[in-house]
Amino acid sequence: MPDLAPPPTAAPPGFAVSRPWTAPVTVGALAVVGTAGLAVVDPTSTHVPLCPLRALTGLDCPLCGSLRAVHSLTRADVVQALDHNLLFTASVPLLTLLWVWWLVRATGPDARPGLPLPPRAGPAVLAIGLAFAVARNLPAFGWLASGA
């Protein structure tokens, strides 16, 4: 009986085959554009949409204050950035290193897509974010609040 599977076809004209470096370059470009926008627009003095969790409950989520933190970092005001969002500001060096690792891995001689993270990295990040969200909303840890 003949094989009924259709033969593999090449990408249609005008469509590029995905390269491993496109994802890290795109993420990096979006980060640069977003950071440049936040360097120009001060989220503390302009109307920035409120976090949905904060709008509904008055509680800070793990990312509340991150836009203001980025704005402060573009002005080299690390203390103010830490006041807006300690977790985000402290994670910026790690996020930058992970991005560089991802880019090098995707552009090196043995280029591979994706960032190889341990299987427990996702749950660990979620647990840290949840713990931070709970702590910053407790009266005893009010200094972790987003400094709105």
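The values are calculated or read from the model by the stated rules, or taken from the named source; none is laboratory data. A quick note: this is a predicted structure, and the numbers were derived from the prediction, not measured. Every residue, glycine as well, gets a Cβ built from its backbone with ideal geometry; the counts of neighbours run over all protein chains shown. Note: areas computed on protein heavy atoms with side chains; ligands, DNA, RNA excluded. Shrake-Rupley method; radii C 1.70, N 1.55, O 1.52, S 1.80 Å.
Only one entry in Leu103, Leu97, Leu38 is buried (at least 16 other Cβ atoms within 10 Å of the Cβ), without any contact (Cβ under 8 Å) to a residue 60 or more places away in the chain and not β-branched (Val, Ile, Thr), namely Leu38. Of all residues in the stretch 129-142, one or more are loosely packed, with under 12 Cβ neighbours inside 10 Å and modelled with pLDDT under 90. Here is the figure for the stretch 89-121: residues that are closer than 13 Å to Arg19 by Cα and among the small types (Gly, Ala, Ser) total 4.
Taking the stretch 42-67 on its own, how many of its residues are open to solvent by less than 70 Å² (accessible area, probe 1.4 Å) and either outside any loop (DSSP other than H, G, I, E, B) or not hydrophobic (A, V, I, L, M, F, W, C) (or both)?
Qualifying residue count, the stretch 42-67: 10.
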